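The block underneath contains the structure these notes are about, expressed in structure tokens.
Derivation of every value follows stated rules applied to the coordinates shown; laboratory data play no part. Small disclaimer: the values here were computed from a predicted structure and weren't measured. As a convention, Cβ positions derive from the backbone with ideal geometry for all residues, glycine included, and neighbour counts pool all protein chains shown.
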Amino acid sequence: MTRNGIFHVGGALAVVAGLLATSSPRARAEEGPRVIVITAKRFEFSPKEITLKKGETVKLQLKSEDVTHGFFLRPLGIDTDIPAGQTAEVTVTPQEVGRYRAICDHFCGAGHGGMKMTIVVEEATGSAGGK
Ligand SMILES: [Cu+2]
């Protein structure tokens, strides 16, 4: 029992030490922009809607699961390609509240024209009043 207890404590310490050892870049990342992963594949983005906060910088990680797609959202200044099977990163700091429609602007097949998603930008105050 006692030895088990000691073993577990030791294990926990090892885990903590491991976390500390590997956390310096990661801790910095947590202070950096929030990361949102968006998957692109014929012919949809997933999730179909994300919510950002006005003035909050976020990093969008755009992953293509098949062919090359685009990600275009002019009001937020986003216009990037997502190379086939790869991940593109876009950092954005929305300045206007609203609902925006991001589209795929790199022709990817028959359903290309319907490939889009919504980006909602809310007030940063967190006031969830109204709808
Ligand atoms: Cu497309």
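Here are the numbers for the structure shown:
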{"read-out": "Positive minus negative residues near Gln61 (Lys, Arg vs Asp, Glu; Cβ under 12 Å)", "value": "+2"}
{"read-out": "Nitroxide proxy distance, nm - points 7 Å out along Cα→Cβ at Arg74 and Thr91", "value": "2.6 nm"}
{"read-out": "Surrounding net charge for Thr118, when Lys and Arg each add one and Asp and Glu each subtract one, Cβ distance under 14 Å", "value": "+1"}
{"read-out": "Spatial separation of Cα centroids for the range 32-48 and the range 53-112, in angstrom", "value": "8 Å"}
{"read-out": "Placed amide H near Arg34: partners under 5 Å, 5+ positions off or other chain", "value": "Lys59"}
{"read-out": "Charge tally in the Cβ shell below 15 Å around Asp79, where Lys, Arg are +1 and Asp, Glu are -1, Asp79 excluded", "value": "0"}
{"read-out": "At R0 = 41 Å, FRET efficiency that the Cβ-Cβ distance of Ala84 and Thr125 yields, to 0.05", "value": "0.50"}
{"read-out": "Spin-label pair Arg99/Lys116, simplified geometry with 7 Å Cα→Cβ offset, distance in nm", "value": "1.1 nm"}
